[in-house]
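See below for the structure under consideration.
The values are calculated or read from the model by the stated rules, or taken from the named source; none is laboratory data. The shown structure was predicted, so the numbers you read here are calculated from the model rather than taken from an experiment. Backbone-built Cβ (ideal geometry, glycine too); neighbour counts: all protein chains shown. In case anyone asks, the SASA skips ligands and DNA or RNA and just uses the protein heavy atoms, side chains included. Shrake-Rupley method; radii C 1.70, N 1.55, O 1.52, S 1.80 Å.
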Amino acid sequence: MSSFIDFNTAKKFTAMQENQNRIIQLFNIQYPIIQAGMIWHSGWKLASAVSNCGGLGLIGAGSMYPDILRENIQKCKKATDKPFGVNVPMLYPNMDEVIQIILEEGVKIVFTSAGNPKTYTETLQKEGLKVAHVVSSTKFAVKCEDAGVDAIVAEGFEAGGHNGRDETTTFCLIPNVKKHTSKPLIAAGGIALGSQIKAAMVLGADGVQIGSRFAATEEASAHENWKHKITELKEGDTHLTLKELAPVRMVKNKFFSELETVYQSGRDAEALAAALGRARAKKGMFEGDMEEGELEIGQVSALIDDILPVKTVFEHLLKEFENTHMPNF
């Protein structure tokens, strides 16, 4: 058991899960809590902090040039002796080079997303890696099982960042994926509280992937302007848009309003791509431009009121999980 915390709720959580939880066994972690590999947030500091607390930290390769990814992996290995992984969104270039770096650096866990699960699963598994793939529908979850992945991440459209076109909520998605697949199942989208972890498990998930709550932590690599903005968001402040390109949930700011103007003149993909331009997400979340930048975050941001150390986030999650009791009819 990690030494960062010693209160009874953590002991109860561990005692309940360690002998039967498939995610704990698969990744050799203490708690079935995975930190999402978010672009511009998930560098080595965040990933290692999550892993050191007993979860699974993921480095987000999507916003890193190959040499930067290698540097983050090397720093993460020095910062933790616990398991960590890399998230590889396959919609970005240089993926073959990214996979080669992952293999060369001895990473043992990879989460793939935004692409065909067959693309890299066999290659990685032949080298002894565990592979999870992120999907937004039961249809693609079944394809993951056919591809032989080790675990499936089913992400409801509440989630921030790139998302599914079908707009299926987590509460509908998880039990349906559970019904049609047999792989260890990780719920994602709309999870920031311990009570929500328990709800996801009641629905059939073996673990959870959390993004937005870890975005607003001291260790996240995002700009402080953006972290503070997250704590100010209310219900309805985010929206899923850009389905004509790649669906993404973002904050309604000046840039979002510009996209809406393009929509009013017609759903022209070329015009939307021109409005999006290049490095728009970096401009917002990493450089701190709250008006012209693309600000990706989930609906659950309305429940996030403060910027905390990862250690404190874990303390809260574990206490909330333990204190959430199922009512009797």
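Key figures
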read-out	value
Residue that is surrounded by the fewest Cβ atoms within 10 Å (Cβ to Cβ) [pool: residues in region 99-134 that are of a type in the set (S, T, Y) and in a strand (DSSP E or B)]	S113
All positions within region 53-98 that are out of contact with any helix residue (DSSP H, G or I) (no Cβ under 6 Å at 6 or more places or on another chain), open to solvent by less than 10 Å² (accessible area, probe 1.4 Å) and part of a helix (DSSP H, G or I)	I73
Test for G284: is it at pLDDT 95 or above, outside any strand (DSSP E or B) and farther than 19 Å from I210 by Cα	yes
Residue selected from region 158-179 under the condition polar (S, T, N, Q) and within 19 Å of S212 (Cα to Cα), by the criterion surrounded by the fewest Cβ atoms within 10 Å (Cβ to Cβ)	T169
Residue in region 162-182 that is under 23 Å from G57 (Cβ atoms), in contact with a helix residue (DSSP H, G or I) (Cβ under 6 Å, 6 or more places away or on another chain) and outside any helix (DSSP H, G or I) present	no
Which listed residue, of E287, E315, is open to solvent by 50 Å² or more (accessible area, probe 1.4 Å), closer than 18 Å to A220 by Cα and within 23 Å of the chain's Cα centre (by Cα)	E287
Helices (runs of 4 or more DSSP H) enclosed by region 187-270 - at least 1 residues per element that are touching a residue at least 40 places away in the same chain (Cβ under 8 Å) and either open to solvent by 10 Å² or more (accessible area, probe 1.4 Å) or within 29 Å of G57 (Cα to Cα) (or both)	194-202, 212-215, 224-232
Of all residues in region 97-138 being of a type in the set (D, E, K, R) and under 20 Å from the mean Cα position of the chain (by Cα), the one that is farthest from K77 (Cα to Cα)	K130
Lone unmet requirement of (1) in contact (Cβ under 8 Å) with a residue 40 or more places away in the chain; (2) farther than 19 Å from V208 by Cβ; (3) open to solvent by less than 40 Å² (accessible area, probe 1.4 Å) for A36	(2)
Subset of region 23-52 [polar (S, T, N, Q) and outside any helix (DSSP H, G or I)]	N28, Q30, Q35, S42
Top-ranked residue in region 141-157 [being touching a Lys or Arg at 6+ places or on another chain (Cβ under 8 Å) and part of a loop (DSSP other than H, G, I, E, B); ranked as least open to solvent (accessible area, probe 1.4 Å)]	V149
So L308, is it modelled with pLDDT of 95 or more, in contact with a His (Cβ under 9 Å, 6 or more places away or on another chain), closer than 21 Å to M38 by Cβ and surrounded by 12 or more Cβ atoms within 10 Å (Cβ to Cβ)	yes
